[in-house]
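Colleague: Quick one: structure below, then a few questions.
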Amino acid sequence: MHKYRSGIVIRGQYIDDNLISFGGRAAGIEFYSPDPRKYLDRLPLGDPAKLSDLYQMSFEDILDYLVELGKRLKFESNPHLQESYETACLTSAVTPPLIKAQYRSVQQIFSRELMREAAEQSIGVAQLEGWKSTPLRDGRILNVRAFGARALHIIAGNSPVVAAMTVMRNAITRSDAIIKSPSNDPFTALAIARTMVDMAPDHPITKHLSVAYWKGGDEQVEKVLYQPHVIEKLVAWGGLASVKHVTKYVQPGLELVTLDPKRSVSIIGPEALSNEETQREVAKRLASDIGAGNQEGCVSARVVYVLSGTDDQGLSKLNEFGRRVYDAMLVLPETVSTKPKTMDQELKRCLGTARLNDEWYNVIGGENDEGAIIVSQIPERVDFASLLANRVANLVPVDNIKEVFAVVDAYTQTVGVYPESLKKDLRDKLPLFGAQRLTSLGYAGVPSLAAPQDAIEPLRRMCKWIVEETCDPSKVPPRWETGMVIVGGD
Amino acid sequence: MSTTQSAEAFCNDFLAFYDHSISRIHRQPRAERDQIQLAALQLRFKQLRDAIPMLKKLADGDGIHEINKFDDVVPLLFDHTMYKSYPPSFLHNNQFDKLTRWLDKLTALDLSEFDARDCHSVDDWLSALYDRTPLSLQHTSGSSGVFSFLPKTKAAYEKFMAQYLVSILQVFGKEEKLEKFPLNIHAIYPYFRSGSGHLKLNDLYVKYICGGEERFHTLYPGRLNADVLLLSARIRAETAKGQLDRLQVSPDLLARRSEFIELEQNKEQHLAKFFDEISQKLKGRRIFMQAVPGMLYQMAKAGLERGDRRMFAADSIIIGGGGAKGTVLPDNWDSVVKEYTGADRVNQLYGMSEMLTFNPMCEQGHYHILPGTIPFILDPDTSRPLPRQGTVTGRWAHFDLVPDTWWGGFISGDEVTMTWDTPCACGRRTPYLDKKIQRFSEKRGGDDKITCSATEESFQEAMNFLIGFEQ
């Protein structure tokens, strides 16, 4: 059993006293972390007026801090991230080369221009810095500013990038964050927080971050922290299991923002199969959408609808294409995709059974747990599609575009599409059936920080949108004269 | 008798092989049992390897041409997903010609001439197969919205009944005269009279236990058909996928809505009538009742609430088998059942649809495995066989030696603890399972196959859905 000594960070201070034992999600790791119950009085910000120090800084000042932090989050020179990486190798579902690639991308979040773009696209820097003024029809002057909030973040542990994004978003919105680390990655958020403490322990941004670990559902901790007088926003990643015990705390004054795990798919038009060269190109893109990160992310493609047609000729082309996708997946760079760490045994059994039913399913690969491409020979996905993982995807032939809507549902997040013209044809209708993000095939795994996520705009949701309005009675018909509530209409 | 002749006799009728004596069965030394079972396994392999297309494909793929020891057959055991490995659209779109084609790959029978054109529902198909082929197809309902189909035969079912005379009615250690069929005793079944799946057993009970329809007493006289159960399974599946609004319900089922509404509204009356009938007609008599423990318990509880206690004769045959999946059963459920029925004991069985023999519990609370089944305990993750000695915990798998037209090799979803060679305090020398049996899917928080024990829940769900269905 590997034992790790961990700590917590509370507002500029690293603490590693009062350690108690926690078991990591994977067997074989045990870590010691300070008992959060002993720090319940210190974790909350307390008086919301304490957020005012963040308003002494300009947006550029905030970016300066984050850029400096980014420099120190270079994996090769950051001992905290390296320690986090070591434990991730034990607990993570993916292999060390992929984990290392993930840790290297932490630094890339803190690019000045990418952060500025994210802020500009979703809120507008001007509205973070000051009041956006608009004269309204009813004569009033409306001023709106995006203020920060006191928040608690229950973050996902399947990539260190999540912790980095949370710290960045918290700083940009001038918010205060308590981050609850997930059991499958109790170290990354802490590593980033420790780096901030090392760098500038008294800086306002450092002082508006706490990182701690407690077991999800620990009522003694949660009923103290998840209260409107402590936090205004609860940002929860992760599945139903993690959100289920949180919903009972939601009440007026405490808003829940959820970023749910979902599944992703691809849709491919007949042009992709037209000739060998195009097939290779498209196969490479699809292989990336399936294999990147070893198919562990929400964004990873699992079921793929191909408008190949279900006649013999169409199936023949699709089977050929399936083989190309499989081959392309196996030669993806090591930083993108590797042979999976383990193979889910139930999936393996289902794959074996599908292989025997070769009249209806052509199973390519999968004999060595390296991943597989299942090509349905009928216009239907495999019965066990909800189990697809470990680089196993299902290509399904369909005859016409109306059938592709069946590939998306309420749980669909990303849809990689080829070619561009097909994406344009689908973009107005597909979201009605499900689907939140349509992208060019091959780009499913690289969403932009500047775009909406899971059909919401997290940066906007993290803010409090405050109104300051001026109503001059000579311009805005007053209620005491008109008796009307809504004025300014036609 | 030569080994081959012994193996043939054993495969043909293993109960007769032991002179229909439960004591002889359980007293046989291990080495002897292993020897005859291996010979029987080799015979079944020889008979069926090339006769069942799916098995042939598997055996050819693995290059397996002979069995020299028990573990040699493990790579050829069918995973439980095998029996529902057809494309779901075949079932959902009533394409029974294609479904028959798939089924044909799992049986040594030849179904190529079977004409499915007049089958418009699952029940139609099941009935047509029953009427026109040797099959008595069994199904179990599944959580992914499809059925598993087991190509059992009428002949095999008849054989199945013989074990009651030996495994249930005989007392281990006592040399008794073998009772004869029909037993001519009343039987109670607190659910539907007819239907598919395990409800088919009711016809056998009427024939062998009751000796006449008038001695079979059910809660509902009618039929629980497969299509209703399938609808329920699909509701769950489509709900899980967030696509419930896209579920198409067949007009036939919709037409039966009023029937279901009536049944639902009159449920209390049916229950009252049922209890009145059995307490008046059957009080003090020896009765037979076999159901899943949950059903027995619910009935006993309801009966006791009415004030009915110790209703039937002490030598009544009460059998609880099939597991308690999905229902919460108190630890003392069998005492409650005994209190209501007045029976001396409640027979508990370990069995499954995929195994023709069931394995009753002994006085020590252990399930002893009858020699018609070769047990395997597999590593739950890798499916490799664990040692056939000592006490091991793992995944239950078996080779059922009784079937001659389908493959008896099967890997279950159950976690069991098996003791191979330490004698049980009850005196039986057969290997035995611990009382505690769990489904791996429950352990891991998942929702695996719904077997007959959740049928009532399924039916209720389907009824609720149909009744609330907006056209």
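The values are calculated or read from the model by the stated rules, or taken from the named source; none is laboratory data. Values in this document were obtained by computation on a predicted structure and should not be read as measured data. Note that we place each Cβ from the backbone using ideal geometry, even for glycine, and neighbour counts take in every protein chain shown.
Colleague: Going by the structure shown, is B:Leu106 closer than 25 Å to B:Arg395 by Cβ, touching a Pro at 6+ places or on another chain (Cβ under 9 Å) and at the interface with chain A (Cβ under 9 Å from one of its Cβ atoms)?
Modeller: Here the answer is no, as B:Leu106 does not meet what is asked.
One line per residue, one yes/no per condition, for (1) under 30 Å from A:Phe405 (Cα atoms); (2) modelled with pLDDT of 95 or more; (3) part of a helix (DSSP H, G or I); (4) under 42 Å from the mean Cα position of the chain (by Cα):
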residue: A:Ala435; (1), (2), (3), (4): yes, no, no, yes
residue: A:Pro447; (1), (2), (3), (4): yes, no, no, yes
residue: A:Ala451; (1), (2), (3), (4): yes, yes, no, yes
residue: A:Arg461; (1), (2), (3), (4): yes, yes, yes, yes
residue: A:Trp465; (1), (2), (3), (4): no, yes, no, yes
residue: A:Glu468; (1), (2), (3), (4): no, yes, no, yes
residue: A:Pro477; (1), (2), (3), (4): no, no, no, no
residue: A:Trp480; (1), (2), (3), (4): no, no, yes, no
residue: A:Met484; (1), (2), (3), (4): no, no, no, no
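Colleague: Give, as residue ranges, the helices (runs of 4 or more DSSP H) completely inside the stretch B:18-79 that count at least 2 residues that are in contact with a helix residue (DSSP H, G or I) (Cβ under 7 Å, 6 or more places away or on another chain) and either within 14 Å of another protein chain (Cβ to nearest Cβ) or in contact (Cβ under 8 Å) with a residue 40 or more places away in the chain (or both).
Modeller: In the stretch B:18-79, B:30-48, B:53-62 are the helices (runs of 4 or more DSSP H) which contain 2 or more residues that are in contact with a helix residue (DSSP H, G or I) (Cβ under 7 Å, 6 or more places away or on another chain) and either within 14 Å of another protein chain (Cβ to nearest Cβ) or in contact (Cβ under 8 Å) with a residue 40 or more places away in the chain (or both).
Colleague: A follow-up question, please. Wholly within the stretch B:200-275, which helices (runs of 4 or more DSSP H) include no fewer than the required count, namely at least 1 residues that are away from chain A (no Cβ under 14 Å) and modelled with pLDDT of 85 or more?
Modeller: B:201-204
Colleague: Looking at the stretch A:326-339, is at least one residue in contact (Cβ under 8 Å) with a residue 24 or more places away in the chain, touching a strand residue (DSSP E or B) at 6+ places or on another chain (Cβ under 9 Å), surrounded by 22 or more Cβ atoms within 10 Å (Cβ to Cβ) and more than 30 Å from A:Val162 (Cα to Cα)?
Modeller: No, that holds for no residue.
Colleague: Within the stretch B:376-395, which residues are of a type outside the set (D, E, K, R), closer than 17 Å to B:Pro75 by Cβ and assigned to a strand (DSSP E or B)?
Modeller: Result: B:Phe376, B:Ile377, B:Leu378, B:Pro385, B:Gly394.
Colleague: What is the number of the single condition among (1) surrounded by fewer than 16 Cβ atoms within 10 Å (Cβ to Cβ); (2) away from chain A (no Cβ under 14 Å); (3) not polar (S, T, N, Q) that B:Cys11 does not meet?
Modeller: (1)
One line per residue, one yes/no per condition, for (1) surrounded by fewer than 23 Cβ atoms within 10 Å (Cβ to Cβ); (2) of a type in the set (Val, Ile, Thr); (3) assigned to a strand (DSSP E or B):
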{"position": "B:Met289", "(1), (2), (3)": "no, no, yes"}
{"position": "B:Asp308", "(1), (2), (3)": "yes, no, no"}
{"position": "B:Ala313", "(1), (2), (3)": "yes, no, no"}
{"position": "B:Ile318", "(1), (2), (3)": "no, yes, yes"}
{"position": "B:Asn347", "(1), (2), (3)": "yes, no, yes"}
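Colleague: If you don't mind, there's one more thing I want to ask. B:Leu329 - would you say it is in contact (Cβ under 8 Å) with a residue 24 or more places away in the chain and crowded, with 23+ Cβ neighbours inside 10 Å?
Modeller: The answer is no for B:Leu329.
Colleague: Looking at (1) in contact (Cβ under 8 Å) with a residue 24 or more places away in the chain; (2) touching a Lys or Arg at 6+ places or on another chain (Cβ under 6 Å); (3) of a type outside the set (Phe, Trp, Tyr), which one does A:Leu356 not meet, given that it meets all the others?
Modeller: Here A:Leu356 meets the rest and fails (1).
Colleague: Let me ask something else about it. Of a type in the set (Val, Ile, Thr), within 14 Å of chain B (Cβ to nearest Cβ) and either in a loop (DSSP other than H, G, I, E, B) or out of contact with any Phe, Trp or Tyr (no Cβ under 6 Å at 6 or more places or on another chain) (or both): does that describe A:Val363?
Modeller: yes
Colleague: Suppose the filter is of a type in the set (S, T, N, Q), over 26 Å from B:Cys11 (Cα atoms) and touching a Ser or Thr at 6+ places or on another chain (Cβ under 6 Å); does B:Thr417 pass it?
Modeller: For B:Thr417, the condition - of a type in the set (S, T, N, Q), over 26 Å from B:Cys11 (Cα atoms) and touching a Ser or Thr at 6+ places or on another chain (Cβ under 6 Å) - is met.
Colleague: Being within 14 Å of chain A (Cβ to nearest Cβ) and not aliphatic (A, V, I, L, M) is the filter here, so list the residues in the stretch B:374-395 that pass it.
Modeller: B:Asp379, B:Pro380, B:Asp381, B:Thr382, B:Ser383, B:Arg384, B:Gly394, B:Arg395
Colleague: Which of the residues belonging to the stretch A:246-284 are under 17 Å from A:Tyr305 (Cα atoms) and aliphatic (A, V, I, L, M)?
Modeller: Once the filter is applied, which keeps residues that are under 17 Å from A:Tyr305 (Cα atoms) and aliphatic (A, V, I, L, M), the stretch A:246-284 yields A:Val265, A:Ile267, A:Ile268, A:Ala272, A:Leu273, A:Val282, A:Ala283.
Colleague: Identify all residues within the stretch A:109-134 that are in contact (Cβ under 8 Å) with a residue 24 or more places away in the chain and either outside the structural domain of A:Leu69 (by TED's automatic domain parsing) or of a type in the set (D, E, K, R) (or both); write none if there are none.
Modeller: Result: A:Arg112, A:Arg116, A:Glu117, A:Glu120, A:Glu129.
Colleague: From the residues in the stretch A:209-257 that are polar (S, T, N, Q) and in contact (Cβ under 8 Å) with a residue 40 or more places away in the chain, which one is surrounded by the fewest Cβ atoms within 10 Å (Cβ to Cβ)?
Modeller: A:Gln220
Colleague: Exactly one condition in (1) in contact with a strand residue (DSSP E or B) (Cβ under 9 Å, 6 or more places away or on another chain); (2) within 14 Å of chain B (Cβ to nearest Cβ); (3) among the β-branched types (Val, Ile, Thr); (4) not in a helix (DSSP H, G or I) is false for A:Ile267; which is it?
Modeller: A:Ile267 satisfies all of (1) in contact with a strand residue (DSSP E or B) (Cβ under 9 Å, 6 or more places away or on another chain); (2) within 14 Å of chain B (Cβ to nearest Cβ); (3) among the β-branched types (Val, Ile, Thr); (4) not in a helix (DSSP H, G or I) except (2).
Colleague: Next up: Checking the condition within 14 Å of chain A (Cβ to nearest Cβ), part of a helix (DSSP H, G or I) and touching a residue at least 60 places away in the same chain (Cβ under 8 Å), which residue from B:Leu126, B:Leu91 passes?
Modeller: B:Leu91
Colleague: Can you name the residue in the stretch A:10-19 that is within 11 Å of A:Arg42 (Cβ to Cβ) and among the aliphatic types (A, V, I, L, M) and, of all such residues, is surrounded by the most Cβ atoms within 10 Å (Cβ to Cβ)?
Modeller: Here the answer is A:Ile10.
Colleague: Checking B:Asp79 against (1) closer than 14 Å to A:Asn357 by Cα; (2) over 24 Å from the mean Cα position of the chain (by Cα); (3) surrounded by fewer than 22 Cβ atoms within 10 Å (Cβ to Cβ), which test does it fail?
Modeller: Here B:Asp79 meets the rest and fails (2).
Colleague: Would you be able to tell me the number of residues in the stretch A:166-177 that are touching a strand residue (DSSP E or B) at 6+ places or on another chain (Cβ under 9 Å), among the aliphatic types (A, V, I, L, M) and either in a helix (DSSP H, G or I) or surrounded by fewer than 24 Cβ atoms within 10 Å (Cβ to Cβ) (or both)?
Modeller: Result for the stretch A:166-177: 2.
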